[in-house]
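Step one of this worksheet: look at the structure below.
The values are calculated or read from the model by the stated rules, or taken from the named source; none is laboratory data. These figures come from a predicted structure and were not determined experimentally. Quick reminder, even Gly has a Cβ in these numbers, built from the backbone with ideal geometry, and neighbours come from all protein chains shown.
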Amino acid sequence: MGRRRSRLACAWALPVIAVGAAGGCVDRGDDQPALVSRPPTSTGIRFVNTPTKRRDYPLADITGSGCAITDLDGDGRPDIVAVGLARDNSDGGFLSIHWQGPDGRFDGAPVTTLDLAGAGMGVAVGDLTNDGLPELLGTCVGPDRLFHNLGQREFRDATVESSYDNPAWGTSACFVDYDRDGWLDLFVVNYVEIDDRPCSRTGGGPRDYCPPHRFAPTIDRLFRNVTARSSAASAGPRLEDVTAAAGLAAASGAGLGATAGDLTGDGWPDLYVANDQMPNRLWVNLRDGRFRDEAVLRGCAVDAVGRPQASMGVAIDDIDADGEWDLFLTHLEGEYHTLYRGVGGAFEDRSAAAGLAAPTLPFTGFGVAAFDVEHDGDPDLVCVSGRVQRDAGAPEEPYWEPYRQRGQILLNELGRFREDRRFAGPLDESCIARGLATGDLDGDGDLDLVVNRTGEPLLVLANEAAKGHWVRVRARLPECGRRDAIGAVVTVVTPGRSVRRLLQPGMGYLSSHEPVVHVGVGDARMVERIEVTWPDGSMTRHAGGAVDRIYEIARPPADGLPRGDEETGEQ
Amino acid sequence: MSMRTLIVWLAAACLCAGCGEGVPPVDPSLDPTVRVVLEQLRADVVNHVDSAASWGRYGIALDAHDCRAEAAACYRRARTLAPAEVAWAYLLAGCVERENPQAAVDLYRRAVEADGHAAEPRFRLAELLLARDEPRAALEAVGFSPEEPIHEAHRLALIALCRERLGEVDVACRAATDAARLAPLHRGVHELLARLLYRAGDHDAAERVLARCRGLAPDATSWPDAFRDTVRDRRVDPHRLADLALSAPGVDREGAVTTLARLAERHPDDWTFTADLARCQIESGDPGAAVVTTTRWLDRHPPTVEVLKLRGAARLLREDWSAAAADFAAATRLRPSDASAWSDLAFAQQQLDSPEAADSLRRAIALAPLAGDDRARLAELLLSVGDVEEARRTVADLESLIPGHPAIDRLHAAISRAGREGGARVRD
């Protein structure tokens with residue numbers, strides 16, 4: 001571990017700086033928390049996730065909503081999108097976009113509000129039109145809405161004109177170029193076919209939120225991007241529902257988490273679904289437009305003793321640095337959060353061996369992110385939690401109190417995890433946390449967090465833990481409007497260490513992370529090389545260079561010669 | 001201590017025991033029916049404070065109604081009074097498992113020691129140890145002799161899991177194969193076998209086993225547990241009573257209707273009881289009564305999709321097409337994502353010769369792409385209005401998505417016929 005550094009003067013309000021210089025740093029004591037809360041007065045964000053109608057126990061209220069960190073206006077500063085369950089105590093949710101200004105605050109420009117048709121659930125971010133401006137998908141209880149990014153902080157509801165049609169209860173979604181045609185497609189998981197049946201802990205006893213098995217499961221949806229077929233120059237996104245043709249209608253589930261990545265090692269992205277109290281699904285890409293669920297065969301459907309768990313959030317990362325992707329899922333209390341370790345294209349539940357079973361057992365986990373919190377070179381796990389049912393005898397007032405739980409930071413120490421509550425700071429305080437997104441909000445090189453909490457203001461947490469050095473990689477596709485190369489695999493090689501990360505913002509729970517690869521490199525002073533395996537399977541090798549900086553790497557054109565603005569560069 | 005003081009102390013102790021001090025109280029927020037049962041059992045404990053059975057019975061009833069902390073206190077006391085009784089240690093372990101897994105492991109060990117023949121404590125202990133990544137200890141806990149054949153699928157499945165974790169995939173495969181043979185309807189054990197065969201490299205066999213799994217009930221993954229069944233049986237839950245009335249083997253429909261009517265009356269604001277009653281009335285061949293039941297509910301409450309759909313179904317049976325269509329249309333307005341409501345609406349519209357039937361079917365298909373019958377119906381409908389081309393496309397989709405659908409041949413023949421007739425008309 002390198003000498004302890006602090007961050008760039010740690011001022012939230014400072015202008016965003018792309019290169020994190022090593023100077024001007026002071027030591028951070030071990031007893032200080034890693035995460036520091038940035039209150040609304042400091043960020044300018046006044047968002048509160050107000051539930052729908054409290055006394056009716058609508059399942060959406062306890063399922064909660066997500067958030068995203070992403071640069072929507074192309075000014076180089078990540079903005080924040082928070083999903084609201086309901087506006088003005090109605091049933092209609094919304095996306096609330098908070099634009100980050102040059103001073104690092106989010107109240108310099110008016111908040112953009114995009115209305116949803118039902119209680120707000122998730123947000124997914126991806127550029128469907130290859131113009132460099134990412135679209136927004138808002139999922140909700142009812143028909144989802146797709147918003148076309150017109151630039152200049154303007155959005156248009158493109159749901160109907162794009163032929164995006166998902167009337168079910170949409171939850172998590174992610175963008176993925178599953179057919180490798182250079183256009184991002186859209187994968188959306190749905191929860192259950194909800195009705196308004198009353199549920200209680202003991203039949204006719206006190207009311208509470210219903211478990212998912214009371215309702216019919218639903219199918220997930222895959223939309224192929226056919227924007228290229230459109231002849232109109234100013235056309236928005238165009239999609240085609242290929243759910244049935246792709247084979248995804250063959251199995252239903254109560255989907256809450258979704259992500260995509262090449263989990264089988266054949267170079268083609270697969271789809272993974274975290275199902276609530278049902279076996280998870282691994283839709284293996286058959287490379288001809290079809291998918292087949294192989295979660296059972298490949299060992300990532302159920303836990304170590306063969307039981308389906310109540311899966312909520314999901315993250316893909318190479319947790320044990322063995323070159324294979326691992327899956328980490330958050331679950332209901334009484335079930336542990338599960339680490340499915342990748343073994344030759346299959347998976348094994350190694351939660352206990354990794355020290356994750358016991359510390360996560362008492363928590364109902366939702367949002368999750370795998371990233372290197374303290375920059376020591378290996379990915380740690382951050383989970384946020386909150387119950388879905390009250391304990392027996394718990395008082396009905398204060399209403400939300402029995403559902404509150406604290407979050408956790410699980411530090412990776414050579415493949416075994418250890419919880420350090422002092423480290424967690426405000427994350428250690430109980431709340432009903434659901435969505436969690438990561439991104440470098442203050443431009444100091446480490447990843448900050450945004451947490452969407454039911455009934456409470458959006459929690460913005462600055463990371464103060466970083467001790468070692470870092471590298472960030474922005475991988476772009478010049479031939480696709482310089483959009484982010486979602487699905488690319490970035491390997492950062494430093495002396496004695498190689499760290500592989502997947503560029504897939506659509507992970508966790510109902511949320512979307514900043515689409516920039518972040519790697520902690522410990523006390524390494526130099527990056528030997530950076531390799532980017534692009535979504536089409538081609539590879540670019542960058543010569544590397546200094547640490548504590550952002551590398552912007554563009555895929556070279558097919559002839560292999562860099563062209564003008566597409567050159568690989570550094571910031 | 002004087003005799004007088006002793007008497008005072010003894011009297012105070014008796015008084016305390018009589019008051020039920022230390023006996024967990026009944027949660028006042030519970031359903032009144034549940035409270036009555038629990039209060040009776042609590043009184044029994046108060047009257048027989050030295051009876052392990054009384055404490056245990058009260059504990060089981062509390063446990064059945066999710067009062068785990070109170071149940072644990074009762075089991076603990078029962079265990080103190082009757083340490084040789086395996087049930088109390090086992091059930092107590094179940095109560096503390098979530099908060100204190102180590103204590104649960106210790107308790108399951110005690111239960112195994114108390115009765116080496118009881119399978120459940122061994123199996124649960126093994127599962128916990130497996131989840132803690134202690135496969136060798138788990139294998140030991142499962143308990144078996146290599147010389148004796150094993151006739152319990154659960155034991156074999158656990159052995160397979162332990163062997164897999166120990167890297168002995170072939171041995172695990174053999175154990176799982178035996179388990180699958182002994183439990184042909186247990187989905188979980190077949191999925192385990194499929195995974196092990198896949199790991200062993202026999203992908204074809206794995207696929208075959210997995211194909212068999214698809215025919216098994218999705219929730220057929222649990223094993224029998226006599227101790228937990230005792231707890232489940234104590235649950236006084238009106239929904240459970242309704243389920244029992246509907247699903248009892250050789251169900252007496254008349255009796256079920258009476259039970260469900262009583263439950264619906266007792267819980268007038270819970271539409272699920274009305275829905276159960278209406279469903280039972282329809283299944284008993286009395287759709288008229290179902291219409292009355294559902295209408296009574298809908299007149300007094302905001303419209304509920306399930307009740308509207310049931311009334312619509314009853315009206316379909318009575319061939320009251322317009323009223324049925326109105327119910328299903330209302331259901332689709334309330335829940336546009338309900339594929340079955342769109343499908344039933346289409347049926348009613350078809351009977352009314354409404355041109356909207358095709359659109360309703362298209363909506364149902366979009367929501368449930370594998371609904372083969374709806375695709376077949378749409379093809380038939382399209383043929384009936386002379387749209388042979390779309391009918392052909394619909395059948396092609398049906399064929400690619402559900403190759404074995406029984407309507408395919410018939411529809412192909414109808415399309416050929418329609419094509420010939422269309423061609424003849426053109427020639428004429």
| remark: Matching residues in the stretch A:397-412 (in contact (Cβ under 8 Å) with a residue 24 or more places away in the chain, farther than 20 Å from A:Thr63 by Cβ and either of a type in the set (Asp, Glu) or within 14 Å of chain B (Cβ to nearest Cβ) (or both)) number 0
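Against the condition at the interface with chain A (Cβ under 10 Å from one of its Cβ atoms), more than 30 Å from B:Ala157 (Cβ to Cβ) and not β-branched (Val, Ile, Thr), how does B:Leu260 come out, does it pass? Steps first, please.
Working: at the interface with chain A (Cβ under 10 Å from one of its Cβ atoms): no; more than 30 Å from B:Ala157 (Cβ to Cβ): yes; not β-branched (Val, Ile, Thr): yes.
Taking the combined requirement at face value, the residue does not satisfy it.
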| said: Could you go through the stretch A:138-147 and let me know if any residue there is within 11 Å of chain B (Cβ to nearest Cβ), more than 17 Å from A:Leu256 (Cα to Cα) and not small (Gly, Ala, Ser). | reply: no
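Rundown of residues vs (1) under 25 Å from B:Glu127 (Cα atoms); (2) within 14 Å of chain B (Cβ to nearest Cβ); (3) crowded, with 24+ Cβ neighbours inside 10 Å; (4) not small (Gly, Ala, Ser), yes/no style:
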residue	(1), (2), (3), (4)
A:Leu263	no, no, yes, yes
A:Asp266	no, no, no, yes
A:Ala274	yes, no, yes, no
A:Met278	yes, yes, yes, yes
A:Arg287	no, no, no, yes
A:Asp293	no, yes, no, yes
A:Leu297	yes, yes, yes, yes
A:Arg307	yes, yes, no, yes
A:Ala315	no, no, yes, no
| Just for the stretch B:176-210: of the residues that are of a type in the set (Lys, Arg) and within 11 Å of another protein chain (Cβ to nearest Cβ), which one is farthest from A:Ala295 (Cα to Cα)? | B:Arg187
| remark: Of A:Phe347, A:Phe366, the only residue that is more than 14 Å from chain B (Cβ to nearest Cβ) and closer than 20 Å to A:Ala301 by Cα is A:Phe366
| task | Return yes or no: is A:Gly92 small (Gly, Ala, Ser), within 14 Å of chain B (Cβ to nearest Cβ) and in a loop (DSSP other than H, G, I, E, B)? | result | no
| query | Yes or no: B:Val105 within 14 Å of chain A (Cβ to nearest Cβ), without any contact (Cβ under 8 Å) to a residue 60 or more places away in the chain and of a type in the set (Val, Ile, Thr)? | reply | yes
| task | Could you tell me which numbered condition A:Met1 fails, if it satisfies all but one of (1) modelled with pLDDT under 95; (2) surrounded by 14 or more Cβ atoms within 10 Å (Cβ to Cβ)? | result | (2)
| query | Among B:Asp115, B:Asp178, B:Asp133, which is outside the structural domain of B:Asp50 (by TED's automatic domain parsing), at positive phi and touching a helix residue (DSSP H, G or I) at 6+ places or on another chain (Cβ under 8 Å)? | reply | B:Asp133
| remark: With criteria (1) of a type in the set (Ser, Thr, Tyr); (2) assigned to a helix (DSSP H, G or I); (3) within 30 Å of the chain's Cα centre (by Cα); (4) modelled with pLDDT under 95, B:Ser343 comes up short on (4)
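Regarding B:Glu254, is this residue under 28 Å from A:Arg197 (Cβ atoms) and out of contact with any helix residue (DSSP H, G or I) (no Cβ under 6 Å at 6 or more places or on another chain)? Explain how you work it out, then say what you get.
Details: under 28 Å from A:Arg197 (Cβ atoms): yes; out of contact with any helix residue (DSSP H, G or I) (no Cβ under 6 Å at 6 or more places or on another chain): yes.
So B:Glu254 fits the description; yes.
Before we move on, is A:Glu324 within 14 Å of chain B (Cβ to nearest Cβ) and more than 19 Å from A:Arg434 (Cβ to Cβ)? Walk me through it before giving the result.
Values: within 14 Å of chain B (Cβ to nearest Cβ): no; more than 19 Å from A:Arg434 (Cβ to Cβ): yes.
Considered against the rule, which asks whether it is within 14 Å of chain B (Cβ to nearest Cβ) and more than 19 Å from A:Arg434 (Cβ to Cβ), A:Glu324 comes out as no.
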| field | Residues that are within 13 Å of another protein chain (Cβ to nearest Cβ), surrounded by fewer than 16 Cβ atoms within 10 Å (Cβ to Cβ) and outside any loop (DSSP other than H, G, I, E, B), drawn from the stretch B:213-233 | value | B:Arg232
| Can you find even one residue in the stretch A:75-87 that is closer than 20 Å to A:Ala258 by Cα and part of a loop (DSSP other than H, G, I, E, B)? | yes
| task | Give the residue, chosen from B:Asp243, B:Asp269, that is assigned to a helix (DSSP H, G or I) and either over 30 Å from B:Val86 (Cα atoms) or within 14 Å of chain A (Cβ to nearest Cβ) (or both). | result | B:Asp243
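Residue check: is B:Arg76 touching a helix residue (DSSP H, G or I) at 6+ places or on another chain (Cβ under 9 Å), at pLDDT 95 or above and either aliphatic (A, V, I, L, M) or not in a loop (DSSP other than H, G, I, E, B) (or both)?
Details: touching a helix residue (DSSP H, G or I) at 6+ places or on another chain (Cβ under 9 Å): yes; at pLDDT 95 or above: yes; either aliphatic (A, V, I, L, M) or not in a loop (DSSP other than H, G, I, E, B) (or both): yes.
The answer is yes for B:Arg76.
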